[in-house]
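Reading through the structure tokens given below for one structure.
The values are calculated or read from the model by the stated rules, or taken from the named source; none is laboratory data. It should be emphasised that the depicted structure is a prediction, and the values quoted were computed from it without experimental measurement. Cβ: placed from backbone, ideal geometry, glycine included. Neighbour counts: every protein chain shown. Surface areas here come from the heavy atoms of the whole protein model, side chains and all, with no ligands, DNA or RNA. Shrake-Rupley method; radii C 1.70, N 1.55, O 1.52, S 1.80 Å.
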Amino acid sequence: MTGFLPPRPDRSDWRDQAACVGEDPEVFFPLADFSAPGAEASLARAICRRCPVIIACRTWAIEQGEDDGIWGATTAVQRRAIRRASPQAGSRDRRRSRAPTDDPLEEAG
């Protein structure tokens, strides 16, 4: 999968140890990933499950907001759910969802 990862200055990176190095990138970007991943995602997830850096990969994808493909044996839908469930995401979402008000006392409060 290193063919579609952003460039990195340090070559001793977790991505160099990934089980997906040399695999066809299309395996990790199945067309059905956005809905209910099935057989298309199963090969990618099987490769991920034997990967020595599965946690680093998954963590990177979650932290970077990667919304496409299989990363660390997770689908985009699963990663979005993880981000929504994280305490940091919850506080960010609450701040964003607060509608502005015309009442200056309510805003100061």
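Would you be able to say whether some residue in the stretch 49-57 is more than 28 Å from Gln88 (Cα to Cα), part of a helix (DSSP H, G or I), open to solvent by 50 Å² or more (accessible area, probe 1.4 Å) and modelled with pLDDT of 75 or more?
no
Among the residues of the stretch 1-16, is any surrounded by 11 or more Cβ atoms within 10 Å (Cβ to Cβ), over 16 Å from the mean Cα position of the chain (by Cα) and at pLDDT 75 or above?
Within the stretch 1-16 (the criterion being surrounded by 11 or more Cβ atoms within 10 Å (Cβ to Cβ), over 16 Å from the mean Cα position of the chain (by Cα) and at pLDDT 75 or above), the answer is yes, since at least one residue qualifies.
Which one is modelled with the lowest pLDDT among residues in the stretch 58-109 that are of a type in the set (Ser, Thr, Tyr) and not in a helix (DSSP H, G or I)?
Thr101
Among the residues that make up the stretch 30-40, is at least one of them among the polar types (S, T, N, Q) and either crowded, with 16+ Cβ neighbours inside 10 Å or part of a strand (DSSP E or B) (or both)?
No, the conditions are met nowhere in the stretch 30-40.
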